[in-house]
Amino acid sequence: MAYTPLRISTIKPNRELTFPLYIFFKEQYIPYAAKGTSIEEEKYKKLRKQKIAKFYIDEEDEINYQNFLDALLMETMNSETATVEEKVNIVEGACGSAVERMQEDPESESSYRMTENAARTLRQCISENPEAMKAIFGKPVEKNEIIVKHSLNVSALATKLGQKMKLTEEQLDEIAVAGLLHDIGLMQLDEKTRELFNKNKKDFTPEEKLAYGAHVKDCISVLKDKPYVNQTSMELITNHEEVKSGHGPNKKTQLTQSEYILSLVNIYDKTIITTDLTPKEAIKEILIDELGNFELDLLNKFKEVLTEEGLLDL
Ligand SMILES: [Fe+2]
Ligand SMILES: [Fe+2]
């Protein structure tokens, strides 16, 4: 039997499972809950406290799990009693699972579909709940989750800035998916190069710059000709490190509006997530350092979005 991991946050206590769940313990997969049963609230809380972050399912139950998650997402998003935290938790779980699956197997169509669905739900969550952005950005990031969390942050913030810049619904969908997937290429890098994620790009040596820059293309090459993949999202991913001055890995000097948005938001969240700067200090630095890399109007609108969403006071 082959197993796939899933996040505990995408399972709800007291809800009937449509597939058996396993945990990985002492080097083996152990049945944890049978199909048709559910997990009690107390037990569930304990698991989350023990930091058991993952359940496993039989790969053959993938479709059952997808349907389970889709129904749960829809119900939670449309629920009048669910709190913003509950909504954000389940959306984060869905986005996190999708990104992780794409990192492990970028060619999986079901993982790509899961990503599209997660991105759509994230958009719904942040547009219907004024407090959602604060809930997302206010959470501490666990070290081993940093790239997944960064992907979610970029997706959410790019959508918000995209709305401010009057992108169409279709463009917002494309940028939300690209936000989630923009850094999956990091997983193809060797560990030492991947560690550069935490280093300020101003301090890169030319060799480091070249090696790290490869992450915008790896993965995309295998995704590009897939009929189910959105090509604009792929372009966005390929160009997410580009800036107007031509210093990106592809040395582009002209980008689409969506590409500028994704690139700017990426710089901001990376600064927040890898340095000790507060949001206020980070945006101040960016408004100075990136002046030649983005239109002034976009930089100003971005600061407005951060202010309106209450993210500068976190
Ligand atoms: Fe990147
Ligand atoms: Fe990034």
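The values are calculated or read from the model by the stated rules, or taken from the named source; none is laboratory data. Computed from a prediction, not measured in an experiment: that's the story for all the values here. Glycine gets a Cβ as well: all are built from the backbone with ideal geometry, and neighbour counts include every protein chain shown. The accessibility values were calculated without ligands, DNA or RNA, using every heavy atom of the protein model including side chains. Shrake-Rupley method; radii C 1.70, N 1.55, O 1.52, S 1.80 Å.
Treating the angle as unsigned and between 0 and 90°, give the value, to the nearest 10°, between the Cα long axis of helix 84-104 and the longest Cα principal axis of the chain. The helix 84-104 is inclined about 80 degrees to the chain. Within the accessible surface of segment 162-314, defined with a 1.4 Å probe on protein heavy atoms only, the carbon and sulfur portion equals 52 percent.
Quick one: which of Lys46/Lys143; Lys87/Lys202; Lys12/Lys134; Lys251/Lys284; Lys201/Lys303 span more than 29 angstrom between C-alpha atoms? Pairs exceeding 29 Å: Lys87/Lys202. So what's the angle, to the nearest 10 degrees on a 0 to 90 scale, between helix 146-164 and the longest Cα principal axis of the chain? Helix 146-164 sits at roughly 60 degrees to that axis. Taking GluC sites (Glu not before Pro) across segment 23-77, the ones in a DSSP loop with at most 12 further Cβ atoms lying within 10 angstrom of their Cβ are Glu27, Glu40. Evaluated with a Cβ-only charge set (Lys, Arg +1; Asp, Glu -1), the chain carries a dipole of roughly 600 debye about its Cα centre, given to the nearest 20. The overall shape of the chain, judged from the alpha-carbon gyration tensor, is prolate: a/c is not under 1.5, and a/b is greater than b/c. The residues neighbouring His247, those whose beta-carbon lies less than 12 Å from its own, together hold a net charge of +2 under the Lys/Arg +1, Asp/Glu -1 convention.
Against the chain, whose longest principal axis is taken from its Cα atoms, helix 257-274 shows a tilt of about 70°. Once you have a ≥ b ≥ c as the square roots of the Cα gyration tensor eigenvalues for segment 162-314, tell me rounded if a/c is under 1.5, and otherwise prolate or oblate according to whether a/b is larger than b/c. Judged from the Cα gyration tensor, segment 162-314 comes out oblate (a/c at least 1.5, b/c at or above a/b). Assigning unit charges at the beta carbon (Lys, Arg +1; Asp, Glu -1) and nothing else, what dipole magnitude in debye, to the nearest 20, does segment 146-313 show about its Cα centre? It works out to roughly 200 debye.
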